[in-house]
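Asker: Supplied in structure tokens, the structure appears directly below.
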Amino acid sequence: MITGIKGFNDILPGEVERWQHIEDTARRVFSLYGFSEIRIPILEKTELFRRSIGDTTDIVEKEMYSFVDKGENAVTMRPEGTASVMRSYIEHKLYAQDPVAKLYYMGPMFRYERPQKGRYRQFHQIGAEVTGVTDPKVDAQVLTMLCHYFAELGLTEPTLQINSLGCPECRPAYRQALIDFLRERLDSLCEDCKRRYQTNPLRALDCKSAHCKEATASAPAMLDSLCAGCDDHFTATRRHLERAGTAYSINNRMVRGLDYYTRTTFELVTGLLGAQSAVAAGGRYDGLISDLGGPAIPGIGFAMGVERIALLLGDQHFVGRPDLFIAALGEEAQDEAFRLMCGLQRNGVAVEMDYEGKSLKSQMRRSDKFNARFTLIIGGDELAKGAAVLKAMDTGVQVEVPLTPEEVAARIT
Ligand code: ATP
Ligand code: MG
């Protein structure tokens, strides 16, 4: 038997309905906020991710599915979506008509991580990006849409945490202060944080090791070192969130694992998935488009993990019921049922029948399994009359209907 690869999952019927619900809800909610879908390729030049996500991040250092293809090109299966969306935005000059773009995407991402509950090697993200606006109203709008989406799914559990990571004007001084702070505590840090405390000191604040958590408990916070511009931006973002009625808390230790973030950063956090606590995450990336060779246009966005949302939705039932199950006794009745079924399906009615012509008892068992809204039983008498009894399964109400697709459909819809 050939099995699938560890960390790469099948999404089977029964489960896939929950995924469709997650995706359909995103399309519906995002369209209320004026977002259009963009579809980006799975494979990109490795350089794109090195340059945008950053060489000293976990993703680029150890998690990327990179290889050299038959044409000697260094390529990578995308570990996230923002870099590709911005590459596309620049390449197709989407900004030429209007720098303001609201885009969303959904699809698989790939990271070489240790598979566990809520963490896989192929996983799926739904993400949204807004380019071309610096005004903090956009920050609040993006966060409000994200929270609206979770409310629409009936999930109140992941809560919004926000922070600011400053900008190229104020971050360098903070970074240096943090390096100085970490240097004094190097012995207490884990190997990773020790190694990268000069190249990427912020990661120490986000490290999952208990020693690092303890050693950095009194570390300086970016929020206390913001320049006037970033401070105003953060204050205004909070004011707009309050105006929008979007609940949040401040987490001044939140740093994101990608280098391109500036100013507003955020996570939707849950206590229900262990170490896999971030369900959605994102932030502003005002320098990314120009870093990738485009014009100086700001941006902000987020990505949500579909597997983690599906885990939070749990065993809720999303599998649909067919409208009708037709049971038929005898070959002639079977043929009639088949004709009727095809006609009804063309009329927009979801119909099931037993293709093999088994006993009535076994057909009714199948009908129970499908949990159809209506059943129709056709035998010799019904064939002769050209009519049969249609039973509404939830109410038990029975009516006699002529055996034509139009007549049956009229009583079902
Ligand atoms: P984590 O801290 O859990 O590793 P992250 O900071 O790497 O998350 P992002 O890169 O910001 O996550 O991606 C956004 C979202 O994508 C996460 O909040 C999570 O829901 C999901 N995600 C990220 N990596 C994985 C993975 N390996 N498997 C499943 N979902 C993932
Ligand atoms: Mg990660």
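Asker: Going residue by residue through region 245-261, is there one that turns out to be of a type in the set (F, W, Y) and within 16 Å of ligand 2 (Cβ to nearest atom)?
Answerer: Start the filter on region 245-261 by keeping residues that are of a type in the set (F, W, Y), which leaves 248, 260-261.
Checking which are within 16 Å of ligand 2 (Cβ to nearest atom) leaves us with 260-261.
Yes, because at least one residue in region 245-261 is of a type in the set (F, W, Y) and within 16 Å of ligand 2 (Cβ to nearest atom).
Asker: Next question. From the set of residues in region 115-143 that are in a loop (DSSP other than H, G, I, E, B) and within 16 Å of ligand 2 (Cβ to nearest atom), which is surrounded by the fewest Cβ atoms within 10 Å (Cβ to Cβ)?
Answerer: Taking the candidates together, the pick is K117.
Asker: Give me a count of the residues in region 28-53 that are surrounded by fewer than 20 Cβ atoms within 10 Å (Cβ to Cβ) and within 30 Å of R196 (Cα to Cα).
Answerer: Residues that pass the stated criteria total 9.
Asker: Tell me yes or no: at least one residue of region 306-328 is assigned by TED's automatic domain parsing to the domain that holds V60, in contact (Cβ under 8 Å) with a residue 24 or more places away in the chain, within 16 Å of ligand 2 (Cβ to nearest atom) and assigned to a strand (DSSP E or B).
Answerer: So far as region 306-328 goes, no, none of its residues is assigned by TED's automatic domain parsing to the domain that holds V60, in contact (Cβ under 8 Å) with a residue 24 or more places away in the chain, within 16 Å of ligand 2 (Cβ to nearest atom) and assigned to a strand (DSSP E or B).
Asker: Would it be correct to say that I297 is in a helix (DSSP H, G or I) and within 26 Å of the chain's Cα centre (by Cα)?
Answerer: Details: in a helix (DSSP H, G or I): no; within 26 Å of the chain's Cα centre (by Cα): yes.
The answer is no for I297.
Asker: Quick check on my filter: what residues within region 35-53 are within 16 Å of ligand 1 (Cβ to nearest atom), at pLDDT 95 or above and hydrophobic (A, V, I, L, M, F, W, C)?
Answerer: I40, I42, L48, F49
Asker: I want to confirm something. Restricting to region 206-244 and keeping residues that are of a type in the set (G, A, S) and open to solvent by 70 Å² or more (accessible area, probe 1.4 Å), which single residue is nearest to ligand 1 (Cβ to nearest atom)? Full working, then the answer.
Answerer: Start the filter on region 206-244 by keeping residues that are of a type in the set (G, A, S), which leaves 209-210, 215, 217-219, 221, 225, 228-229, 236, 244.
Okay, now just the ones that are also open to solvent by 70 Å² or more (accessible area, probe 1.4 Å), so 210, 217-218, 228.
Numbers: A210: 16, A217: 20, S218: 23, A228: 29 Å.
Checked region 206-244; the qualifying residue nearest to ligand 1 (Cβ to nearest atom) is A210.
Asker: So which residues in region 193-205 are away from ligand 1 (no atom under 16 Å from the Cβ) and free of Cβ contacts under 8 Å to residues at least 24 places away in the same chain, if there are any at all?
Answerer: Correct list: K194, R195, Y197, Q198.
Asker: Can you list the strands (runs of 3 or more DSSP E) found entirely within region 330-413 that contain at least 2 residues being surrounded by fewer than 17 Cβ atoms within 10 Å (Cβ to Cβ)?
Answerer: Numbers: elements: 351-353, 374-378, 387-392, 398-402.
Strands (runs of 3 or more DSSP E) meeting the threshold: 387-392, 398-402.
Asker: Right, here's the next one. So which of Y95, Y112, Y149 ends up being open to solvent by less than 50 Å² (accessible area, probe 1.4 Å) and of a type in the set (F, W, Y)?
Answerer: On the way: Y95 fails: open to solvent by less than 50 Å² (accessible area, probe 1.4 Å); Y112 fails: open to solvent by less than 50 Å² (accessible area, probe 1.4 Å).
Within the list Y95, Y112, Y149, the selection yields Y149.
Asker: Of the numbered conditions (1) surrounded by fewer than 22 Cβ atoms within 10 Å (Cβ to Cβ); (2) of a type in the set (S, T, N, Q); (3) away from ligand 2 (no atom under 16 Å from the Cβ), S277 satisfies every one except a single condition; which is it?
Answerer: Among (1) surrounded by fewer than 22 Cβ atoms within 10 Å (Cβ to Cβ); (2) of a type in the set (S, T, N, Q); (3) away from ligand 2 (no atom under 16 Å from the Cβ), S277 violates only (3).
Asker: Could we say that E267 is of a type in the set (D, E, K, R) and under 29 Å from G299 (Cβ atoms) here? Let's see the steps before the verdict.
Answerer: Numbers: of a type in the set (D, E, K, R): yes; under 29 Å from G299 (Cβ atoms): yes.
Against the criterion (of a type in the set (D, E, K, R) and under 29 Å from G299 (Cβ atoms)), E267 qualifies.
Asker: I'm checking my understanding of the structure. Among residues of region 54-70 that are open to solvent by 70 Å² or more (accessible area, probe 1.4 Å) and among the hydrophobic types (A, V, I, L, M, F, W, C), which one is nearest to ligand 1 (Cβ to nearest atom)?
Answerer: F67
Asker: Of the residues A101, A140, A83, which is touching a helix residue (DSSP H, G or I) at 6+ places or on another chain (Cβ under 6 Å) and away from ligand 1 (no atom under 12 Å from the Cβ)? If you could, list the steps in order and put the result at the bottom.
Answerer: Working: A101 fails: touching a helix residue (DSSP H, G or I) at 6+ places or on another chain (Cβ under 6 Å); A83 fails: away from ligand 1 (no atom under 12 Å from the Cβ).
Matching residue, one of A101, A140, A83: A140.
Asker: Another question, if that's okay. For G54, which of the numbered conditions (1) in the same structural domain as Y260 (by TED's automatic domain parsing); (2) within 19 Å of the chain's Cα centre (by Cα); (3) on the phi > 0 side of the Ramachandran plot fails to hold?
Answerer: Unmet condition: (2).
Asker: Write out, first by first residue and then by second, each pair whose Cβ atoms fall under 6 Å of each other, whose residues are 6+ apart or on separate chains, and whose first residue, in region 61-86, is among the small types (G, A, S) while the second is open to solvent by 50 Å² or more (accessible area, probe 1.4 Å) and away from ligand 2 (no atom under 14 Å from the Cβ).
Answerer: A74/V68
The values are calculated or read from the model by the stated rules, or taken from the named source; none is laboratory data. Just so we're clear, the structure is a prediction, and the values are computed from it rather than from any experiment. Please note: Cβ atoms are built from the backbone with ideal geometry, for glycine as well, and neighbour counts cover all protein chains shown. Just so you know, the surface numbers come from the protein's heavy atoms only, side chains and all, with ligands and any DNA or RNA stripped out. Shrake-Rupley method; radii C 1.70, N 1.55, O 1.52, S 1.80 Å.
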